[in-house]
Amino acid sequence: MRPFDTLTLMQFMWAFLSIIGFSIRTNLRGWRVLFTGLGGGLAWALYLIILYYSNSLLFSIFGATLLVCIYSELTARRIGIPVSVVVICSIIPLVPGSGLYYCMRAYLAGDMAEASLWITKTLMIAGTIAIGIAVVSSVTNLVNRVLNRF
Amino acid sequence: MIRDIREISDIALEVGRLILQSGGTTNRCEKMMTSVCRVYGFPNTQSFVTPTGIFISVIDADLNISTQIKRIEGRYIDLGKISLVNELVNKLEKSHCQEDPSSCLKPADFMKRLQDIDNYRPYPEWVRTLCGGGTSGFFCLLFGGSWLEFIVAFFVGILVSFTMRLISLLKMNNFLINALGAAMVVTFAKLLDIWVPFIKLDNIIIGGIMLLVPGLSMTNAIRDTMSGDLVSGTARAVEALMISVGIAAGSGSMLKIWSLLGY
C-alpha cells in the first residue's frame, strides 16, 4: 500500500467517522465533534504514512501520537475545549485493543509463544503512546511558562 | 464586597465534582476550583484533588478558613460536561470581576448554571446508542473488515451500547462493567455469526472492544503524572490496567465458553 492513495483516504474517513461517533457518545456537542474526529483520522493516517516510510511499528505510533498531541494543543484552545478532551478522542484509534484480543485468542488456542508476542506488542504500544503524550504535554508546559515569563 | 465564604466554597466544590466525575484531569480540576475562588475574592485557596475525592480550603482576609471534603463516586465519561464547565469558568475569569464586582455573575446564578450543566443532555439516548454502533462498525472497517462485517459490527455495537447502559444502572465497579461489556461483545458477535454467513469474527470483536478501551484513563494518567500529581497519575494508570485486564478476562472467558459449547 502506497501512502496518499485512496486506501489511506478511506482509512482516514473510517477513523474520522468512528471518532465522531465516540465524541457524540460522550456528549460532546455541535461542530466541535468535527475537530475531535479530525484528530482521530489524522492519528490513524499519520500512523499509516509513517509506517510506510519507516517500517517500524513503534516509531510510527510514536510519531503519530506526537503530531496528534501537537494538533490537539494547537486547536483545543481555539475551539474552547480542554486539551485533554481532544487528546483522548484523537488517540483512541491507536490504543491497542486489537493486540489485547489477539493475545487472548492465542492464549485460548494454547499458543503461549504467540500470546506472549502479542502481549509484549500491546504493552509496548501502550508505553509508546504514553511517552508521546508525556513529551508533548511537558514541552507545552515549558513553552507556556517561558512565554508567560517574557 | 465581601462574599459568603461557605457559598463560594460550595460553588468551587461543585465545579470540581462536575469535572472530576465526568473524567477530567485532576490538575485541571484544581486549577478551575482555585480560579473560581480567586474571581470571587478569595485568592488564598488551597485544593488537593485525587481521582476519588476533593479537598478544598478557602481562606479569607481575616484568616477564617472553610475546609470541605467531597467523596466522588460513580464516575463516567462525559467529555461534553467538562467542556461546558471549562467554558463557563473561562467566561467568568474574563469578566473583570475584581475591578467591578457588580458586573460579574452572582454566586447563586453561577450555581444555577452549574446545575443546568449537570442536567444537560445534548443528545437523546437513541442517538448515542446509534453512535456506539457506528463507532464499532467503523473500527471494524478500519482494522480490515468487509462491508458485511461492518453491518454485523454495527448491530453488535448498538446491542452492546444498549446493554452497557442497563448494566451501568446497577452501579458496579469498573472492572466488572468492562469485563461484562467485553463478554457481551463476544456473545453478540457469536450469536450473529450463527445467522450471517461469510464473516470473520476477529474484526467484529475488535470493533466492539474498541468501544471499551481505556483511552481516557491512559491519557489522564500520563497528563496527571507530567503535571506533578503523582497520586492521581498512579491511580489512573492502575485503573487503565484493570480495565484492560477486565476486557481481556471478559472476552477470553466468553470465547472459551463458546468454544466449549462447540461453535
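Taken together, the values in this text are just the output of simple stated rules run on the coordinates, not laboratory data. Keep in mind the model is a prediction, meaning the values are calculated, not measured. Please note: Cβ atoms are built from the backbone with ideal geometry, for glycine as well, and neighbour counts cover all protein chains shown.
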Notebook entry, point to check: How about B:K200: which aspartates and glutamates have a C-alpha closer than 16 Å to its C-alpha, ignoring those fewer than 8 places off in the same chain?
Noted result: B:E149
Margin query: Could you tell me which residue out of A:Y52, B:F150, B:S253 lies farthest along the dipole of the protein assembly as shown toward its positive end? Charges go on the beta carbon: Lys and Arg +1, Asp and Glu -1, centred on the Cα centre.
Written below: B:F150
Checklist line | Cut-off under 5 Å, modelled amide H: who pairs with B:N44 long-range | finding: B:I59
Note to self: Kirkwood Rh and Cα-based Rg: tell me the resulting Rg over Rh for the stretch A:18-61, rounded to two decimals.
What the structure shows: 1.16
Next item on the list: Just name one of B:V49, B:M226, A:L17: the one whose Cα is farthest towards the positive end of the charge dipole of the protein assembly as shown (beta-carbon charges, Lys/Arg +1, Asp/Glu -1).
Entry: A:L17
Check: Between the DSSP loop rule and a limit of at most 13 other Cβ atoms within 10 Å, which chymotrypsin sites (Phe, Trp or Tyr not before Pro) in the stretch B:144-205 are left?
Finding: B:F198
Notebook entry, point to check: Considering the alpha-carbon set of the stretch A:6-149 alone, what are its Rg and its Dmax in angstrom?
Noted result: 16.6, 59
Item checked: Overall dimensions of the stretch B:125-261 as given by Cα atoms, namely Rg and Dmax in Å -> 15.8, 53
Checklist line | With at most 10 neighbouring Cβ atoms within 10 Å, loop GluC sites (Glu not before Pro) (DSSP) excluded, longest segment of chain B | finding: B:100-263
Item checked: Peptide B:222-228, shielding by other chains (average Cβ, 10 Å cutoff) -> 6
Notebook entry, point to check: Cα-Cα over 23 Å: which of B:K31/B:K112; A:K121/B:K81; A:K121/B:K190; B:K70/B:K112?
Noted result: A:K121/B:K81; A:K121/B:K190
Item checked: Kyte-Doolittle at least 0.5, axis length at least 15 Å by Cα - qualifying DSSP helices, chain B -> B:5-21, B:125-142, B:147-168, B:174-195, B:230-261
Note to self: Can you compute the radius of gyration and Dmax for the stretch B:167-247, using only the Cα atoms, both in Å?
What the structure shows: 15.9, 53
Check: Given C-alpha coordinates of the stretch B:5-119, what is the ratio Rg to Rh with the Kirkwood estimate of Rh?
Finding: 0.94
Note to self: Using only the alpha-carbon atoms, what does the protein assembly as shown span along each of its principal axes? Please give whole angstrom values in decreasing order.
What the structure shows: 74, 47, 36
Margin query: Check which residues have an amide H placed less than 5 Å from B:T50's amide H, if you skip close sequence neighbours.
Written below: B:F55
Item checked: Dipole magnitude (debye, nearest 20) for the stretch B:5-119, charges at Cβ of Lys, Arg, Asp, Glu -> 300
Margin query: With +1 assigned to the C-beta of every Lys and Arg and -1 to the C-beta of every Asp and Glu, and no other charges, what is the dipole magnitude of chain B about the Cα centre in debye, to the nearest 20?
Written below: 500
Check: Which values of log₁₀ I(q)/I(0), to two decimal places, follow from the Debye formula for the stretch B:152-198 at q = 0.32 Å⁻¹ with a uniform point scatterer at every Cα?
Finding: -1.15
Item checked: Helix-only CD estimate at 222 nm, as mean residue ellipticity for the protein assembly as shown, using -39500 (n - 2.57) per DSSP H run (n ≥ 4) -> -24500 deg cm²/dmol
Item checked: Rg/Rh (Cα only; Kirkwood hydrodynamic radius) as it applies to chain B -> 1.09
Next item on the list: Might you report the magnitude of the Cβ-based charge dipole of the protein assembly as shown about its Cα centre, with Lys and Arg at +1 and Asp and Glu at -1, to the nearest 20 debye?
Entry: 220
Note to self: Taking the 0 to 90 degree range and rounding to the nearest ten, how far is the long axis of helix A:32-54 tilted relative to the main principal axis of chain A, both from C-alpha atoms?
What the structure shows: 50
Notebook entry, point to check: Whole-Hz Karplus ³J(HN,Hα) for the stretch A:88-98, in order, using 6.51 cos²θ - 1.76 cosθ + 1.60 and θ = phi - 60°, x for Gly and Pro?
Noted result: 4, 5, 6, 8, 3, x, 7, 4, x, x, 5
Next item on the list: Give the order of B:Y76, A:Y71, B:Y123, A:Y47 when sorted by the count of other beta carbons within 10 angstrom, beginning with the fewest.
Entry: B:Y76, B:Y123, A:Y71, A:Y47
